[in-house]
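J.: Take a look at this one; I'll ask things after.
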Amino acid sequence: MPSTSTRGASADVMISIQHLSKSFGATTVLRDVNIDVKRGEVVVVLGPSGSGKSTMLRCINLLETPTGGHIFIEGNEITAKRTDVNKLREKVGMVFQQFNLFPHLTAKKNVELAQIKVLKRSKEEAARIAREQLERVGMADRADFYPAQLSGGQQQRVAIARALAMDPHVMLFDEATSALDPELVRDVLDVMRALAAGGMTMVVVTHEMNFAREVADRVIFMEGGVIVEEGTPDEVFNNPKSARTRDFLGHIT
Ligand code: ADP
Ligand code: MG
């Protein structure tokens with residue numbers, strides 16, 4: 001039997017979620033969720049509203065405290081008592097539906113801030129990395145714009161650049177395109193595609209079925225706080241095992 005602190009430490013496992021449960025008071029939102037995400041793997045999580053997708057992602061960087069179970073990131077148990085939450089969050093970048101940029105800071109300053117405050121990088125280094133990351137998401141020419149001067153899609157790309165500037169080992173996306181006008185979705189998905197192609201480990205909650213088909217290595221369908229089905233995109237989309245998955249995909253595509 002491996003000891004608690006080394007379970008999930010296999011070199012190619014980036015995230016190991018073991019028997020995760022989460023309740024809010026009497027409401028159980030996640031029940032015995034088990035997922036291993038390999039290094040470089042892109043896992044897309046699908047499921048109806050209220051199925052626990054956001055809560056699951058938020059447990060991975062301890063924005064929510066799990067009620068039960070264990071989560072390991074690169075072999076380190078983050079659910080252990082002594083976890084340094086700030087160190088953990090440096091490794092796990094998260095992008096939300098709402099971009100949460102600081103409205104009084106330019107795009108560039110938004111990308112610099114946590115590098116200086118959290119990683120203690122010099123102003124010069126933070127500025128250099130901000131330029132690189134804004135370039136990477138196609139926003140170099142908007143570096144001096146304030147969020148209000150940017151479209152939703154542009155703001156979201158700045159938010160992605162901000163997360164990438166922290167050198168995360170994993171990126172979590174929670175419906176990153178759901179708040180965007182349809183014509184702005186593509187640019188953000190293209191950035192996510194490029195990240196995936198570059199080998200980033202990603203867990204992506206989305207309703208973008210084409211993205212899931214094309215980019216996911218694995219698709220997980222959740223409902224009622226449990227994993228109902230998982231498999232390759234081909235397995236889940238073309239040959240779903242459960243009636244619930246078929247029903248969900250039938251409604252959404
Ligand atoms: P999804 O992202 O799949 O829509 P969520 O993880 O946001 O689902 O929510 C799952 C369930 O947990 C919902 O029923 C929601 O109302 C409940 N929930 C989420 N956050 C809280 C909270 N902070 N307090 C109480 N209930 C919550
Ligand atoms: Mg959600």
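J.: Determine the share of segment 1-113's accessible area contributed by carbon and sulfur atoms, expressed in whole percent, with a 1.4 angstrom probe.
T.: 52
J.: Only Cα pairs under 8 Å and at least 6 apart count here; give the relative contact order of the chain as a rounded whole percent.
T.: 25
J.: Quickly estimate the mean residue ellipticity at 222 nm for the chain, helices only: each DSSP H run with n ≥ 4 gives -39500 (n - 2.57), and the total goes over all residues, rounded to 500.
T.: About -10000 deg cm²/dmol.
J.: Give the cross-link partners of LYS123 among the aspartates and glutamates, using a straight C-alpha distance below 13 Å as the criterion and excluding same-chain residues fewer than 8 apart.
T.: The reachable aspartates and glutamates, counting only those whose Cα sits under 13 Å from LYS123, are GLU112.
J.: Still on this structure, I have one more. Can you give me the long-range amide H partners of GLY47? Hydrogens built in the peptide plane at 1.01 Å from N, cutoff under 5 Å, separation of 5 or more residues or another chain.
T.: MET222
J.: Right, next: Rank GLY231, MET209, GLN18 by how far each Cα sits towards the positive end of the charge dipole of the chain (+1 on Lys, Arg Cβ; -1 on Asp, Glu Cβ) and give me just the farthest.
T.: My answer, from the dipole projection, is GLN18.
J.: Pairing the Cα long axis of helix 123-136 with the longest principal axis of the chain, what angle in degrees results, from 0 to 90 and rounded to the nearest 10?
T.: 60
J.: Skip the ligands, DNA and RNA, and give the accessible area per residue of the chain with a 1.4 Å probe, whole Å².
T.: 47
J.: Would you kindly derive the ³J(HN,Hα) couplings of segment 112-122 from the backbone phi angles with the Karplus curve 6.51 cos²θ - 1.76 cosθ + 1.60 (θ = phi - 60°), listing them in order in whole Hz, with x for Gly and Pro?
T.: 7, 3, 5, 4, 6, 6, 9, 8, 6, 6, 5
J.: Treating the beta-carbon of each Lys and Arg as +1 and of each Asp and Glu as -1, no other charges, what is the dipole magnitude of the chain about its Cα centre, to the nearest 20 debye?
T.: Here the size comes out at about 800 debye.
J.: Can you check what the net charge comes to around GLY138, using other residues whose Cβ is under 14 Å from the Cβ of GLY138 (Lys, Arg +1; Asp, Glu -1)?
T.: After counting each charged neighbour, the total is +1.
J.: Which angle from 0 to 90°, rounded to the nearest 10, does the C-alpha axis of helix 182-197 make with the longest principal axis of the chain?
T.: 80
J.: For segment 72-134, state which trypsin sites (Lys or Arg not before Pro) are in a DSSP loop and have at most 12 other beta carbons lying within 10 Å of their beta carbon.
T.: Filter output for segment 72-134: LYS81, ARG82, LYS120.
The values are calculated or read from the model by the stated rules, or taken from the named source; none is laboratory data. The shown structure was predicted, so the numbers you read here are calculated from the model rather than taken from an experiment. Every residue, glycine among them, receives a Cβ derived from its backbone with ideal geometry; neighbour counts consider all protein chains shown. The accessibility values were calculated without ligands, DNA or RNA, using every heavy atom of the protein model including side chains. Shrake-Rupley method; radii C 1.70, N 1.55, O 1.52, S 1.80 Å.
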